[in-house]
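In what follows, a single structure is set out as structure tokens and then discussed.
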Amino acid sequence: MLRFGTDGIRGRANQELTMEVGYWLGVAIAHAIQPPAFVIGRDTRESGYWLAQAVSLGIASAGVDLIDGGVLPTGTLSWVARTLNRPTVVISASHNPYFDNGIKVFNEQGAKVSAEVERTIEGHLARFLEGQRPAFGELGRVEHRSFDEAYVDWVLDRLGPVTYPLRVVIDGANGAAWRMGPLLMSRLGAEVVTAIGDRPNGRNINDGVGALHPEVLARSVVDNEADLGLCFDGDADRLIAVSESGTVVDGDELLMLFALYLQQRHALAHSALAATVMSNLGLERTLARHAISVVRTDVGDRQIATAMVQGELSLGGEQSGHIIVQDLGPTGDGLVSGALLLHALADWGGSLDRFRAQEVVRFPQIHRQVKTEVRDRILAETDFLELVAKVEAELGSDGRVVLRPSGTEPVFRILVEAADVGVAQRLADQLVAKVEVVTGRLMSI
């Protein structure tokens, strides 16, 4: 059965996520939460319209009213939830290819519903699909509304127009922000010299463009002699930037810039931010010079959001470009991140390259993964742990090792970070070889 993962339910559209499943999932969501009305929105993939219709029918058949916002970025739907005080259903598979789709649910505060609510939804869905159907009464009503202009007005009201004019190229990933990205940046006062990934056809979302392929935007920035590139993913909950020289700038470096920007305005709570274990060690080294600390969490934006609430932090994010600015919303919003980046760059004369040269420290990271059906047992093997201890001793304070059994694939993930890339590669190779030995031993038992 389909289950909620770190970012909602995901599956192959019309195979795992069939219209029938979508319908009963809508009924399950309505029964689990029981609000007077829901909001629903989606990205541009071809199955999104039909899956949104199926979920909407399920919600309406449970007697709950519905507001359909059409194609909207995830961050915008979070804002709608907060503004209307209504839980919201997001139909999107984010950065996945067009043939996948997904469903996640926000509460009235615009944050993901709790794991407990997700388990309740799963329980209802399982019973309904097994034939234990609820009784139906009156139908809910459906209202179609546009939120684009109101959301842009809200961002402008919160941040104001930019004070430093920038020539910007935008990559909308042929996704949910293909129209709103250029609209927002233009309204802020930037000159959008060109846009790519702005011709969605239902099947080209994330296809060779967007946050997973920033090299396309990098070429366009250089070719157009622009000051900045902004790169979104399919549902625009993440941002990857490109500097004027065509250098790709990931979420870690954006967190560095945002932390300094907020600190200078006395808006960085507790002089700290939250980042996952995957973020570069350079994040801590860069910010330590400014007396800013980093709170490390497990992987996932839910973990970031939880750490921010527990630590009363105002900033957090992931290397992938999911960034949360608490005063502007409780979830990743690539459009808000892009708007904030325009403002933050004013402090550096509009130049990301200048900021990187003067402030950014980065450590080489080597990512490896080993396919293994016993991934959850690797960290219990004594000889592997002994090798890990030796690797960590060699790295000392100038490196890190992060080991993670995948939660979704038969894969064991290895990250080695060191001041020297050759050292990182050598140690990563040692760990990979040991995992393969341990896997062979465990599989033969």
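Inspection of the range 430-437 finds a residue satisfying the criterion of being touching a helix residue (DSSP H, G or I) at 6+ places or on another chain (Cβ under 6 Å), part of a helix (DSSP H, G or I), open to solvent by 40 Å² or more (accessible area, probe 1.4 Å) and closer than 29 Å to residue 5 by Cβ. Among what's in the range 12-30 and is open to solvent by 10 Å² or more (accessible area, probe 1.4 Å), outside any loop (DSSP other than H, G, I, E, B) and not acidic (Asp, Glu), pick the residue that is farthest from residue 136 (Cα to Cα). Once the filter is applied, the top-ranked residue is 12.
Entry remark, the range 303-341: residues being in contact (Cβ under 8 Å) with a residue 60 or more places away in the chain and polar (S, T, N, Q) number 4 in total. Applying the set (1) touching a residue at least 40 places away in the same chain (Cβ under 8 Å); (2) touching a strand residue (DSSP E or B) at 6+ places or on another chain (Cβ under 6 Å); (3) of a type in the set (Gly, Ala, Ser); (4) closer than 18 Å to residue 235 by Cβ to residue 52 leaves exactly one unmet item: (1).
Every residue, every condition in (1) open to solvent by 60 Å² or more (accessible area, probe 1.4 Å); (2) in contact with a strand residue (DSSP E or B) (Cβ under 6 Å, 6 or more places away or on another chain); (3) under 30 Å from residue 23 (Cα atoms), yes or no:
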position: 128; (1), (2), (3): no, no, yes
position: 131; (1), (2), (3): no, no, yes
position: 139; (1), (2), (3): yes, no, yes
position: 149; (1), (2), (3): yes, no, no
position: 165; (1), (2), (3): yes, no, no
position: 183; (1), (2), (3): no, no, no
position: 187; (1), (2), (3): yes, no, no
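Of the candidates 225, 244, 215, the single residue that is touching a helix residue (DSSP H, G or I) at 6+ places or on another chain (Cβ under 9 Å), among the charged types (D, E, K, R), over 22 Å from residue 91 (Cα atoms) and touching a residue at least 12 places away in the same chain (Cβ under 8 Å) is 244.
Considering (1) under 15 Å from residue 275 (Cβ atoms); (2) at pLDDT 95 or above; (3) assigned to a helix (DSSP H, G or I); (4) in contact with a strand residue (DSSP E or B) (Cβ under 8 Å, 6 or more places away or on another chain), the lone condition that residue 310 does not fulfil carries the number (4). Among the residues of this structure, residue 268 counts as one that is of a type outside the set (Gly, Ala, Ser), closer than 25 Å to residue 154 by Cβ and open to solvent by 10 Å² or more (accessible area, probe 1.4 Å). For the range 198-217, filtering for residues that are in contact with a Gly (Cβ under 7 Å, 6 or more places away or on another chain), open to solvent by 10 Å² or more (accessible area, probe 1.4 Å) and small (Gly, Ala, Ser) leaves 1. If I filter the range 354-368 for residues that are β-branched (Val, Ile, Thr) and either under 16 Å from residue 267 (Cα atoms) or without any contact (Cβ under 8 Å) to a residue 12 or more places away in the chain (or both), do I get at least one hit? No, the range 354-368 has no match at all.
The values are calculated or read from the model by the stated rules, or taken from the named source; none is laboratory data. No experiment lies behind these values; they were computed from the predicted model shown. Heads up, the Cβs are rebuilt from the backbone with ideal geometry, glycines too, and the neighbour counts pull from every protein chain shown. Each accessible area value is taken on the protein alone, full model and side chains, heavy atoms only, with ligands, DNA and RNA left out. Shrake-Rupley method; radii C 1.70, N 1.55, O 1.52, S 1.80 Å.
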